[in-house]
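Worksheet: the structure to be examined is printed underneath.
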Ligand code: PEP
Ligand code: MN
């Protein structure tokens, strides 16, 4: 059960509610986010919840039988809009494209990418500076100095950035140079990192784990929300299966399932979801038809020279075509569902 409290609730009113919940054998956690105050109560609800709903200081009350609570669509029917700026947001309405290289490499690359993104009306650039690599001998990223350069150039051109944070200690270092924190697939269940991201007031995009279930992704989001941060974006990026024909199996089913289970925006990552350049477009368009709110795509001016993930990066020509087709598909799907 989720009880949303009035922001100005008195101490006594809150004590009265907590006492009644305890009397009813419910275990309750108070969650104060940047937006609201909630009481999340776990246990057997065999009474009329209006008994609590009518108490002083209660704004709203919902019975949520999902195991995750605050990220569930059962209490918040309206989709969440994660706002980055007055005309830059993710979710709710409109299709968000995040594009850029797998790894930030150098200043020249960022400048060329920013020009390309602006030409194509893309407002969010992706680029890793701390790279989780399967082999310790692979390129590990340009680090914090590279992030400052990346953010500086993008910020000067009005482009927002998303980049991966790998450990709680990096959050403070990165905070002034980031617009969206990305939690990578390998860190999807790093609960210390998720707890720490609950304390920040910038958006967090959580990728599904390599072998993570949909519920596990939602639990990870619940960590961030219950830590205090409501600005969460979910990302389906493919899972590991027995199939060897491609790097990962993009789970198309996850898109409508996540949209149904949660009020949070859902982004698709067809680059990591397939691992192969020629599969990105068909899978991206399918993901849009399945209801995605946006896509994150790896692009590189010269994919064959990319420091990482060149095999799944589109060149500028291919990317331009993809952006057009994704936007057309999104509009087509909107028209279809309006009828
Ligand atoms: C990435 O976005 O570059 C990345 C490493 O993604 P994932 O965590 O999905 O593998
Ligand atoms: Mn990558």
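Fewest to most neighbouring Cβ within 10 Å: what's the order for 257, 77?
Working: 257 18, 77 8.
With the fewest neighbours first, 257, 77 line up as 77, 257.
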Item to check | Between the stretch 77-124 and the stretch 139-173, the Cα center-to-center distance that results, in Å | outcome: 14
Checklist entry - If all Cα-Cα distances of the stretch 2-62 are sorted into 10 Å bins from 0 onward, what percent lands in each bin, rounded to whole numbers? => result 23, 63, 14, 0
Next on the checklist: How many angstrom lie between the Cα centre of the stretch 241-256 and the Cα centre of the stretch 308-339?
Outcome noted: 19
Checklist outcome for this item: Assertion target for 72, 10, 313, ordered by fewest C-beta neighbours within 10 angstrom first, is 10, 72, 313
Item to check | Estimated translational D of the chain in µm²/s (Stokes, Kirkwood radius over Cα pairs; 25 °C; 0.890 mPa s) | outcome: 118
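In deg cm²/dmol and to the nearest 500, what is the mean residue ellipticity at 222 nm of the chain if only DSSP H runs of at least 4 residues count, each as -39500 (n - 2.57), divided by the residue total? Before the final figure, lay out each step's value.
On the way: 11 runs with 122 residues, N = 339.
When only DSSP H runs of four or more count, the value is -11000 deg cm²/dmol.
Take every Cα pair under 8 Å in the stretch 118-249 that's 6+ residues apart, average their separations, divide by the length, and report that relative contact order as a whole percent. All intermediate terms of the calculation are to be shown ahead of the outcome.
On the way: 221 pairs, mean separation 23.3, N = 132.
Relative contact order for the stretch 118-249 comes out at 18 percent.
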Checklist outcome for this item: Least to most buried among 264, 279, by other C-beta atoms within 10 Å and fewest first, runs 279, 264
Next on the checklist: Give me the percent relative contact order of the chain, please, defined on Cα pairs under 8 angstrom at least 6 residues apart.
Outcome noted: 16
Checklist entry - Dividing the Cα convex hull volume of the stretch 162-204 by residue count, how many Å³ per residue is that? => result 59
Checklist entry - Sorted from largest down, what three extents in whole angstroms do the Cα atoms of the stretch 212-296 have along their principal axes? => result 40, 25, 18
Next on the checklist: If I take all pairs of Cα atoms in the stretch 147-240, what percentage of them are more than 15 Å from each other?
Outcome noted: 56
Item to check | Normalised contact order of the stretch 19-94, rounded percent, pairs of Cα under 8 Å and 6 or more residues apart | outcome: 15
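We did not get these values from a lab; they are worked out from the coordinates using the rules stated. Please read these numbers as outputs of a predicted model, since none were measured by experiment. Note that we place each Cβ from the backbone using ideal geometry, even for glycine, and neighbour counts take in every protein chain shown.
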